[in-house]
Each structure stands twice: as structure tokens, then as C-alpha cells.
Amino acid sequence: MRDVDEDAIVAAVRAAEARTSGQIVCVLAQRSSEINGETTILAAALALLTPWPLLAFTQIPAQHIFAIQVAVFAAALLLFTLTHLGLALTPRFLKRRQAFRVAAEQFYIRGMTRTRHRAGVLIFVSLAEHYARIIADDGLTGKITESEWQDTVNELTAHLRAHQVTEGFLDAIKRTGDLLARSAPPDGGSNDLPDRLVRI
């Protein structure tokens, strides 16, 4: 995973949380997309096309051609799974949908719904898809507008496009802290969630 200044991110989270009763958790995923039906179909298509030139231009026995066909399918599927080629062939809307699913899973896995005032905020970044998402718990509904969250996400994704992952997190944490300070003022309670950068 590319170099990220985790200490700076943790310090920023602590500084933001000092001004609010809200909680911020940052999650950094290397990749959210999985092998999907489209790339499996493409691997199968390559395997199905393999026998025709072999039958037309060689004298290879049919059972060997079948074995080659299976090998082509397996090799293509591995290539799509283990390299960025599969991700590149995946439609953008599918990559975004899969990244959102991972972000939503992380929101619940990290205990964001168990904070005192339901004022938890997840800042999620998935590097391979250049995807960012902010998910806020129910206690902030109506206190912070969707456009305010979207402005924060837009700035974060702009940093990601410039390969400034640390700077993107720091900016998003600062903006989130400002929104939380206004909407969920400090109440002297304890820190409910860990401040570390979660890497998945």
C-alpha cells in the first residue's frame, strides 16, 4: 500500500475529536472490487475462441485442445484477478457499487453505530477505484447537509487523483471536525472508537 503518514492522520483525528462529541474513523482500502461476472465472461470467451485457430492450423488432438482451452480460461481468470487488468475491464458503476458496499460494511464493523450520541463518521478511501465516501450516523441527520458532506468528498477525491492520500485524509478530517464541532459539541465523554488508520 502506498506511503501514508498514519501518525499525521491519527493526530488530525484526535485534534478534530477534541472539539466535538462525535467520533471519526478513517479506513483505507487498497482495493474494494472483486472479480465479477463481466471478467469471468471475458475469460470464458477467450477460452471458447481458443480451439478455432488450433483446429484450423494445427494437428493437435481434440483432448489436448480441450486441456489448452481449460488452461486459457484459468490463466485469463488469474490474470484478471491478480493484476489491475480485471479492475480496468470492470465498468465504473460496478467498481463504485462494490466500493460503496465495502464502505457500508466497514461502517458497521468499526462500531460507528455504537457511539454515545450516534455521531460517528466514517471516512473511507479505496485506492484502486479512486473512490471516497463519508458515512455519518443517524444522530447527525438533519444537522449536516448532504452538500456539506459532498463538498468534503469532492476535495478528498481531488487529492486522491493527485496521489495525495495523506493530504486528502487530513483535509477531510479537518472539514469533518468543523462540521461535527458545530453539530455535536463536546460533552466531556470518553473516546468511544480508536483513532488509528484502519487498513484493509
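The values are calculated or read from the model by the stated rules, or taken from the named source; none is laboratory data. Note that this is a predicted model, so its numbers are computed, not measured. Cβ placement follows ideal geometry from the backbone for every residue including glycine, while neighbour counts extend to all protein chains displayed.
Annotations for the structure displayed:
- Among (1) of a type outside the set (A, V, I, L, M); (2) farther than 19 Å from Ser21 by Cβ; (3) buried (at least 17 other Cβ atoms within 10 Å of the Cβ), the one test that Asp195 misses: (2)
- Lone qualifier among Thr113, Thr166, Thr176, Thr157 - being crowded, with 20+ Cβ neighbours inside 10 Å, assigned to a helix (DSSP H, G or I) and among the hydroxyl-bearing types (Ser, Thr, Tyr): Thr176
- Selection from region 63-112 of residues that are at pLDDT 90 or above, more than 17 Å from Thr39 (Cα to Cα) and not assigned by TED's automatic domain parsing to the domain that holds Val125: Ala67, Ile68
- Pairs are defined by a Cβ separation below 8 Å, a sequence spacing of at least 6 or placement on different chains, a first member in region 139-158 that is of a type in the set (Asp, Glu), and a second member that is in a helix (DSSP H, G or I); the pairs so defined are Glu148/Leu179; Asp151/Arg175; Glu155/Gly168; Glu155/Asp171; Glu155/Ala172; Glu155/Arg175.
- Within region 20-52, the residues that satisfy the criterion of being closer than 30 Å to Arg196 by Cβ, at pLDDT 90 or above and in contact with a helix residue (DSSP H, G or I) (Cβ under 7 Å, 6 or more places away or on another chain) are Thr20, Gly22, Gln23, Ile24, Val25, Cys26, Val27, Ala29.
- Residue selected from region 116-145 under the condition outside any strand (DSSP E or B) and under 20 Å from the mean Cα position of the chain (by Cα), by the criterion surrounded by the most Cβ atoms within 10 Å (Cβ to Cβ): Glu129
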